[in-house]
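Visitor: Please see the structure below; I have some questions.
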Amino acid sequence: MKVGKICLSFFMSASILLAGCGNAKNKKGEDNLVGNDKDDHGCIASAGYTWSEVRKDCIRLWEQGVRMESVADKANTAFIVFAPDSLQVELFFSNDQPNEILDRRSLPVGGYAWNVEDDDTKNVRQENGKWTISQRGNLIYQQVDEDK
């Protein structure tokens, strides 16, 4: 009998919680349903998706991008996402900095770097097997080791 009361109490509590979740309203008085937060491109942020201009698709940064860490402040991160043809790279920053799209250019010594024809732009390249982001010759982000 005691087990029956516990189960009944559990199911009643769970029902009340679920009912409360289903009736949540946002500021506009609309229902807040999980997955009901599509952006202008149809990306669902609550599922971790964001729009990538170079991929022309909704992506999860941790699945499609390379995670970078600021050399000045480890709390600031960035992701680099390459276009399918690698002709462009998109930079996503954690500190509300706007995304940037850089174009691939051949280096005189061989290999490639991604930047814009402007000395003040960020520069993405692979150095010693790791991706880096620099600006004005200063390293500002570097690829995070996989085993961290």
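The values are calculated or read from the model by the stated rules, or taken from the named source; none is laboratory data. Predicted model, so just to flag it, every value in this text is computed and none were measured. Here Cβ is always computed from backbone atoms with ideal geometry, including for glycine, and neighbour counts include all displayed protein chains. Please note that ligands, DNA and RNA were not included when accessible areas were found on the heavy atoms of the full protein model with its side chains. Shrake-Rupley method; radii C 1.70, N 1.55, O 1.52, S 1.80 Å.
Visitor: Considering the range 72-87 alone, what residues qualify as being in contact with a Phe, Trp or Tyr (Cβ under 7 Å, 6 or more places away or on another chain) and open to solvent by 30 Å² or more (accessible area, probe 1.4 Å)?
Guide: Scanning the range 72-87 gives a single hit, 79.
Visitor: So, restricting to strands (runs of 3 or more DSSP E) that lie completely within the range 50-129, which ones have at least 3 residues that are free of Cβ contacts under 8 Å to residues at least 60 places away in the same chain?
Guide: Working: elements: 50-52, 57-59, 66-70, 77-82, 88-93, 100-106, 112-115, 122-127.
Answer list for the range 50-129: 50-52, 57-59, 77-82, 88-93, 100-106, 112-115, 122-127.
Visitor: Report yes if some residue within the range 105-122 is charged (D, E, K, R), under 30 Å from residue 40 (Cα atoms), at pLDDT 95 or above and crowded, with 18+ Cβ neighbours inside 10 Å; otherwise report no.
Guide: Scanning the range 105-122 turns up no residue that is charged (D, E, K, R), under 30 Å from residue 40 (Cα atoms), at pLDDT 95 or above and crowded, with 18+ Cβ neighbours inside 10 Å.
Visitor: Let me confirm something: among 91, 139, 87, which residue is farther than 28 Å from residue 49 by Cβ, out of contact with any Leu (no Cβ under 6 Å at 6 or more places or on another chain) and of a type in the set (A, V, I, L, M)? Full working, then the answer.
Guide: Details: 91 fails: farther than 28 Å from residue 49 by Cβ; 87 fails: farther than 28 Å from residue 49 by Cβ.
The match here is 139.
Visitor: Something else about it: If you go through the range 130-148 one residue at a time, how many are assigned to a strand (DSSP E or B), within 17 Å of residue 76 (Cβ to Cβ) and open to solvent by 60 Å² or more (accessible area, probe 1.4 Å)? Steps first, answer last, please.
Guide: In the first step, residues of the range 130-148 are kept if they are assigned to a strand (DSSP E or B); the result is 130-135, 138-143.
Applying the additional criterion that residues be within 17 Å of residue 76 (Cβ to Cβ) yields 131-135, 138-143.
Subsequent filtering for residues that are open to solvent by 60 Å² or more (accessible area, probe 1.4 Å) retains 138-139, 142.
Of the residues in the range 130-148, 3 are assigned to a strand (DSSP E or B), within 17 Å of residue 76 (Cβ to Cβ) and open to solvent by 60 Å² or more (accessible area, probe 1.4 Å).
Visitor: Cβ-Cβ under 6 Å, sequence separation 6+ or interchain: first residue in the range 30-43 and open to solvent by 60 Å² or more (accessible area, probe 1.4 Å), partner modelled with pLDDT under 60. Which pairs?
Guide: Hits for this filter: 32/24; 32/26.
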